[in-house]
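**Q** Can you read through this structure? Questions will come right after.
The values are calculated or read from the model by the stated rules, or taken from the named source; none is laboratory data. Every value quoted in this text rests on a predicted model; they were computed, and no experiment measured them. As a convention, Cβ positions derive from the backbone with ideal geometry for all residues, glycine included, and neighbour counts pool all protein chains shown. Note: areas computed on protein heavy atoms with side chains; ligands, DNA, RNA excluded. Shrake-Rupley method; radii C 1.70, N 1.55, O 1.52, S 1.80 Å.
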Amino acid sequence: MSGPETQVSSLPMPPERYISNYTDENIRRNRAPRPPPPPSQHEVYSMFGIQYNNDEMIRSLESQNIKRLIPIHFDRRKELKKLNHSLLVNFLDLIDFLILNPDSPRRTEKIDDLSLLFVNMHHLLNEFRPHQARETLRVMMEMQKRQRVETATRFQKHLERVRDIVNNAFAALPTLADEEDGTAKVKTEADPLESNAAAKNDPSYQQDRMMCKLVDAIE
C-alpha cells in the first residue's frame, strides 16, 4: 500500500496567509516568522514540488527527462527559426488530421510533437535569461551613472553662477579708506573726539557753553 500523496499547489499562497502572521503583537512578542535563510551553493531545495539545485541556474532538458531537439553546439538564432518553422508545419498537419480524420491516432502524436517543440523553444529562450539579467543591470547602472553626472554638472554650473554673483556683489561695495598698515577700517560706532570737533564748529555750541558756566556759578 502506497503512502498518502502530497498535495502541492502550483501557485504560492495568497498574501493574506503571510500578512496575518506579521501583526503588531506578534512582532512585539517576537512571534513573527523569520525569513528563510538563503540557500547555500550546493543545496537542493523544492519549489512547487520540483527539486532545484543551485549549481545550475537553468535545468537541462536531460535532467527533466525531456527529449532534446537542439544540438549541443548551435546557433541560437538559426535553431529558433527552425523550431518556429517546425511548429508551423506540425500545426498545419494537425489541422489536416482534424479535418480529414479527427479520430486518427496521429492527432495525439502531433499534439505531443507540438508540446515537445514548445518546451525546447521555451528552454532555448530561458537560456537567454542570464544574458538578459546582465544587460538589464548594465543599462540600469549606465542610467544611474548618467543621472549622477548630469546632477554633478548642474551643481557645478549653479556653483559657478553663485560665485559670480558673490564676486559681483563684493566688486559693487564702496571702497573703504585704507589705514597706514594697509588694512581697511570699517566704522561701527561714532568717535567721541570727532563728535566734539564737529560740535565746536556749531554756532550754538559757544552759547550753550556760556549758559552752562552761568548755571555752575549760581550754584
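**Q** Open to solvent by 50 Å² or more (accessible area, probe 1.4 Å), in a helix (DSSP H, G or I) and either out of contact with any helix residue (DSSP H, G or I) (no Cβ under 9 Å at 6 or more places or on another chain) or within 18 Å of His123 (Cβ to Cβ) (or both), is that true of Lys67?
**A** no
Condition check ((1) closer than 30 Å to Pro38 by Cβ; (2) assigned to a loop (DSSP other than H, G, I, E, B); (3) of a type in the set (Lys, Arg)) across all residues:
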| site | (1), (2), (3) |
| --- | --- |
| Ile58 | yes, yes, no |
| Leu80 | no, no, no |
| Asp96 | no, no, no |
| Thr108 | no, no, no |
| His122 | yes, no, no |
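**Q** Additional query: Mind listing whichever residues of the range 70-98 are open to solvent by less than 50 Å² (accessible area, probe 1.4 Å) and either among the aliphatic types (A, V, I, L, M) or under 23 Å from Glu127 (Cα atoms) (or both)?
**A** Ile70, Glu79, Leu80, Leu83, Ser86, Leu87, Leu94
**Q** Can I ask one more? So, Phe118, is that one of a type in the set (Phe, Trp, Tyr), within 30 Å of Phe74 (Cα to Cα) and not in a loop (DSSP other than H, G, I, E, B) or not?
**A** So Phe118 fits the description; yes.
**Q** Could you figure out which of (1) among the acidic types (Asp, Glu); (2) within 40 Å of the chain's Cα centre (by Cα); (3) assigned to a loop (DSSP other than H, G, I, E, B) isn't true of Asp103?
**A** (2)
**Q** Something else about it: Could you please let me know if Glu135 is under 24 Å from Lys81 (Cα atoms), modelled with pLDDT of 85 or more and over 39 Å from the mean Cα position of the chain (by Cα)? Give the derivation first.
**A** Working: under 24 Å from Lys81 (Cα atoms): yes; modelled with pLDDT of 85 or more: yes; over 39 Å from the mean Cα position of the chain (by Cα): no.
Criteria not met by Glu135.
**Q** Right, another one. Scan the range 109-132 and tell me whether some residue there is more than 22 Å from Arg59 (Cβ to Cβ) and of a type in the set (Gly, Ala, Ser).
**A** Among the residues of the range 109-132, not one is more than 22 Å from Arg59 (Cβ to Cβ) and of a type in the set (Gly, Ala, Ser), which makes the answer no.
**Q** Out of all the residues in the range 126-138, which are surrounded by 10 or more Cβ atoms within 10 Å (Cβ to Cβ) and without any contact (Cβ under 8 Å) to a residue 24 or more places away in the chain? Even if it seems obvious, please write down each step before you answer.
**A** Taking the range 126-138 and keeping what is surrounded by 10 or more Cβ atoms within 10 Å (Cβ to Cβ), we get 126-130, 132-138.
If the condition is that a residue be surrounded by 10 or more Cβ atoms within 10 Å (Cβ to Cβ) and without any contact (Cβ under 8 Å) to a residue 24 or more places away in the chain, then Gln132, Ala133, Arg134, Glu135, Thr136, Leu137, Arg138 are the ones that fit.
**Q** While we're on this one: Identify, by number, the condition in (1) of a type outside the set (Ser, Thr, Tyr); (2) open to solvent by less than 90 Å² (accessible area, probe 1.4 Å); (3) modelled with pLDDT of 90 or more that Gly182 doesn't meet.
**A** Result: Gly182 fails condition (3) only.
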